[in-house]
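The next block holds one structure in the form of structure tokens; read it before the comments.
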Amino acid sequence: MVHLIYCDNKEKVLEKILDGSKTMIVRGAAGRKIPHSRVFENETLYFMKKGSKEISAKAKVKSVQNFVKLTDEEIKETLEKNQDKLALSAKQKERWHKKCLCLVEFDSLEEITPLDFDHQGNMDDWLIIDKIEDVVVGTSIPYNYDKSKFK
């Protein structure tokens with residue numbers, strides 16, 4: 001599978017990824033939510049700035065850590081232990097203070113010739129798709145939410 005990640009524009013997430021100061025992405029929720037337990041080593045991550053229409057970078061998944069039912073202290077410890085890779089602001093630490101966390105470390109980052117994203121309604125900020133062409137203008141297909149459901 002490949003993953004398309006929307007990067008928060010206000011926090012300059014994509015810029016941090018591109019300059020090498022951020023090599024890990026975090027997603028979290030009160031319960032298991034995409035991409036928890038659904039992203040694996042060697043899969044491809046694509047990045048785009050939230051609100052833009054262009055997919056502009058890609059990387060390979062290096063490692064994944066999935067956590068469930070974390071205590072407040074464990075959440076703080078987990079985020080702090082990975083802060084050198086996460087490069088989270090205080091506001092982001094607050095946002096990702098969740099009981100279920102998925103931390104995805106990546107490497108082999110490369111900027112790509114921008115791909116035009118074919119936005120579809122009601123999409124999460126992390127999409128799991130078969131191939132990037134499924135969400136690119138001219139080759140896109142309707143988004144299949146089955147891949148986003150836990151079985």
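The values are calculated or read from the model by the stated rules, or taken from the named source; none is laboratory data. Everything numeric here is computed off the predicted structure, so don't read it as measured data. As a convention, Cβ positions derive from the backbone with ideal geometry for all residues, glycine included, and neighbour counts pool all protein chains shown. Just so you know, the surface numbers come from the protein's heavy atoms only, side chains and all, with ligands and any DNA or RNA stripped out. Shrake-Rupley method; radii C 1.70, N 1.55, O 1.52, S 1.80 Å.
The charge dipole of the chain, taken about its Cα centre with unit charges on the Cβ atoms of Lys, Arg (+1), Asp and Glu (-1) only, comes to about 540 debye.
Computed from phi, the 3J(HN,Hα) profile of the stretch 13-26 under the Karplus parametrisation 6.51, -1.76, 1.60 (θ = phi - 60°) reads 4, 4, 4, 5, 5, 5, 8, x, 7, 10, 10, 8, 10, 10 Hz, with x in place of Gly and Pro. Rolling a 1.4 Å probe over the heavy atoms of the protein chains gives the stretch 19-125 an accessible area of 54 Å² per residue.
In whole percent, how big is the carbon plus sulfur part of the accessible area of the chain, probe 1.4 Å, protein atoms only? Whole-percent figure for carbon plus sulfur exposure: 50. About the centre of its Cα atoms, the stretch 73-138 shows a dipole size close to 480 debye [charges on the beta carbon of Lys, Arg (+1) and Asp, Glu (-1) only; nearest 20 debye]. Once both axes come from the Cα atoms, what is the angle between helix 72-81 and the longest principal axis of the chain, in degrees from 0 to 90, rounded to 10? The angle comes out near 70 degrees.
Residues 125, 116, 84 ordered from highest to lowest accessible area at a 1.4 Å probe: 84, 116, 125.
Where the alpha-carbon atoms of the chain are placed on the principal axes, they occupy 47, 37, 27 Å, in descending order. Backbone N atoms of the stretch 47-76 closer than 16 Å to the 7 Å Cα→Cβ label point of residue 15 belong to residues 48-52. When peptides 11-17, 1-7 are sorted by average Cβ neighbour count within 10 Å, with the highest value leading, the order is 1-7, 11-17.
Checking the cross-link pairs 76/131; 12/81; 10/99; 50/76; 49/76; 33/62 against a 30 Å limit on the alpha carbon distance flags 76/131 as lying beyond it. Across the chain, the mean sequence separation of Cα contacts (distance under 8 Å, 6 or more residues apart), normalised by length, yields a relative contact order of 33 percent. Taking only the C-alpha atoms of the stretch 62-123, Rg followed by Dmax gives 15.0, 42 Å.
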